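**Q** Quick one: this structure, given as structure tokens, is what I'll be asking you about.
The values are calculated or read from the model by the stated rules, or taken from the named source; none is laboratory data. Small disclaimer: the values here were computed from a predicted structure and weren't measured. Neighbour counts run over all protein chains shown; Cβ positions are idealised from the backbone, glycine included.
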Amino acid sequence: METIRFGSAIVRVYERGDGKWALKWREAGKGRGTTKTKYEDAVEAAKAQAKRLDGATGKQWVTGQDAEVLAKLKAIAGDRSPFAVLDACGDALRLAGGLAELTAAAEAYAKSKRSQWTLGELFRRLEDEYREHRRAQTWKSLKVELKPFADSLADLGLGAISPDLIAEWCSRGTPSPRTYNNRRAKWSTALGRARELGWIDPNQRTAAEIVPKRREERKSPSIWPVPDGERILSLLREQSPDLIRYFALQCWGGLRPSEAQAIRLDDLTSHPGYVHVRAAVAGKLGAERFVPMRPNLAAILGTLPSEADVLIPPSRDPSRKKRDEERLRVFAAPLNADTRLSGLVREAGILDRWPNDVCRHSFCSYRLAQTHSIGKVAEEAGNSEAIIRRNYRRPVPVEVGEAWFKIGL
């Protein structure tokens, strides 16, 4: 195939199976074509046709390959003059002594620049990015792991972070395999971002990725027993009604903690019978979804007063009370709802340590018992079926699942 260009016009020449040559182009939004017996005649006709299509004369002919070279040069030059870029490249080639030498010099320069970045600089970069563009809840988890090292080893070069060092950091305090792997994953996230930025070798695995995971014992996740779910709901009604939506949306709507924190009041009413989890609110997958409003969830939310100031407990600090009032006029939950909720439950003696994702695990386990459909639960929870089966499901009898979704009725 031969591509003939003139200005913005393109005509392509193909050899047909019968030995003749076909010309193809688009005109007025439609495909056009003609046929020539000889190749030379086809090329000349294609040039004439392209010239006519462009509607101009006196322009210089270029082949398709030449046009591609020109397009690449313009892309490399960006806002700079392509001629200035060519001159600079020519000077660099002469100084280096050849293309191979120039490539080696550029790689050495990039390596020297990478060695200058430190752990403290990476921490500050991540903190800025997560505050502006990513999830505060995710950064909160990362910060717990990274900050002690960023404070004490701020000047440590990223290139000096080895797999042995990552393994040593993750092993502090004789952690369980799960805790060790969670720490490793956070370092993998941090160093992976450094690789994206070009702060460490972009063509190599990070030190955290090289460190092997530890084998975890498979066990069912923690969930709320039905009596505990009832006790916590009663506790919140008595002491902190402003936290009820946050708790209920996780336990009977399957929302992630970050989603329950970010959901707006109009997301609960914009589509009757559903909780609208917008893409901007959705967690790890970032995909919009509609969660059916179970009868007990609708009943729990429906009993709450619409006035924000009535929801906030009188014992709340005055300065924080004003902030919470303003937020609860728009959002379903106040700030720091997770910390306050776990503190209240522990103070009430319901448990000593708040299990990770216990509300969401409860929803998935009881909903699976109720529906016998892992696909349905995965859709409502915003996860894959494999993740639900592996991480979120604790087998429970059907009757217990039904009882869970009657709490609040």
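**Q** When the range 13-31 is examined, which residues are found to be in contact (Cβ under 8 Å) with a residue 24 or more places away in the chain and surrounded by fewer than 17 Cβ atoms within 10 Å (Cβ to Cβ)?
**A** Residues satisfying the conditions are Glu15, Glu27.
**Q** Let me ask another. Give all pairs with beta carbons closer than 7 Å in which a residue from the range 299-321 that is outside the structural domain of Gly253 (by TED's automatic domain parsing) meets a residue that is part of a helix (DSSP H, G or I); count only pairs at least 6 apart in sequence or on separate chains.
**A** Every condition considered, no pair remains.
**Q** Are any residues in the range 354-388 out of contact with any helix residue (DSSP H, G or I) (no Cβ under 6 Å at 6 or more places or on another chain) and among the charged types (D, E, K, R), and if so, which ones?
**A** Correct list: Asp357, Lys376, Glu379, Glu380.
**Q** Kindly list the number of the only condition in (1) without any contact (Cβ under 8 Å) to a residue 40 or more places away in the chain; (2) farther than 27 Å from Glu127 by Cα; (3) outside any helix (DSSP H, G or I) that fails for Pro175.
**A** Single failed check for Pro175: (2).
**Q** In the range 278-331, how many are of a type in the set (A, V, I, L, M), within 20 Å of Glu230 (Cα to Cα) and out of contact with any Leu (no Cβ under 9 Å at 6 or more places or on another chain)?
**A** Qualifying residue count, the range 278-331: 1.
**Q** Please enumerate the residues belonging to the range 235-279 that are in contact (Cβ under 8 Å) with a residue 60 or more places away in the chain, outside any helix (DSSP H, G or I) and of a type in the set (Phe, Trp, Tyr).
**A** Trp252 - this is the single residue of the range 235-279 that is in contact (Cβ under 8 Å) with a residue 60 or more places away in the chain, outside any helix (DSSP H, G or I) and of a type in the set (Phe, Trp, Tyr).
**Q** Go through the range 233-259 and count every residue that is of a type in the set (D, E, K, R), buried (at least 24 other Cβ atoms within 10 Å of the Cβ) and over 23 Å from the mean Cα position of the chain (by Cα).
**A** Final tally of qualifying residues: 2.
**Q** Scan the range 134-147 and report the pairs whose first residue is farther than 19 Å from Leu165 by Cβ and whose second residue is modelled with pLDDT of 80 or more, with Cβ atoms within less than 6 Å and a gap of 6+ or a chain change.
**A** Cβ pairs passing all conditions: Arg135/Ser258; Gln137/Ser258; Trp139/Tyr130.
**Q** Give Asp79, Asp66, Asp18 a once-over and let me know the one that is out of contact with any helix residue (DSSP H, G or I) (no Cβ under 9 Å at 6 or more places or on another chain), part of a helix (DSSP H, G or I) and charged (D, E, K, R).
**A** Asp66
Quick grid of which residues meet (1) in contact with a Leu (Cβ under 7 Å, 6 or more places away or on another chain); (2) at pLDDT 85 or above; (3) assigned to a helix (DSSP H, G or I):
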| residue | (1), (2), (3) |
| --- | --- |
| Asp91 | no, yes, yes |
| Leu102 | yes, no, yes |
| Gln116 | no, no, no |
| Phe123 | yes, yes, yes |
| Trp139 | no, no, yes |
| Lys147 | no, yes, yes |
| Asp151 | no, yes, yes |
| Ala167 | no, yes, yes |
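**Q** Scan the range 370-385 and give yes if some residue there is over 21 Å from Val277 (Cα atoms) and surrounded by 15 or more Cβ atoms within 10 Å (Cβ to Cβ), otherwise no.
**A** For the range 370-385, residues over 21 Å from Val277 (Cα atoms) and surrounded by 15 or more Cβ atoms within 10 Å (Cβ to Cβ): present.
**Q** A further question follows. Can you tell me which condition Asp357 does not meet? The list is (1) exposed (fewer than 12 other Cβ atoms within 10 Å of the Cβ); (2) on the phi > 0 side of the Ramachandran plot, and all the others hold.
**A** (1)
**Q** Limited to the range 181-231, what total is found for residues that are part of a helix (DSSP H, G or I) and either farther than 22 Å from Leu368 by Cα or not β-branched (Val, Ile, Thr) (or both)?
**A** 26
**Q** Now a separate question. I'm told Ala282 meets every condition in (1) assigned to a helix (DSSP H, G or I); (2) touching a residue at least 12 places away in the same chain (Cβ under 8 Å) except one. Can you identify the failing condition by its number?
**A** The one condition Ala282 does not meet is (1).
**Q** Here's something else I'd like to know. Out of all the residues in the range 313-340, which are under 27 Å from Arg353 (Cβ atoms) and surrounded by 12 or more Cβ atoms within 10 Å (Cβ to Cβ)?
**A** Pro313, Arg316, Arg320, Asp324, Ala332, Ala333, Pro334, Leu335, Asn336, Ala337, Asp338, Arg340
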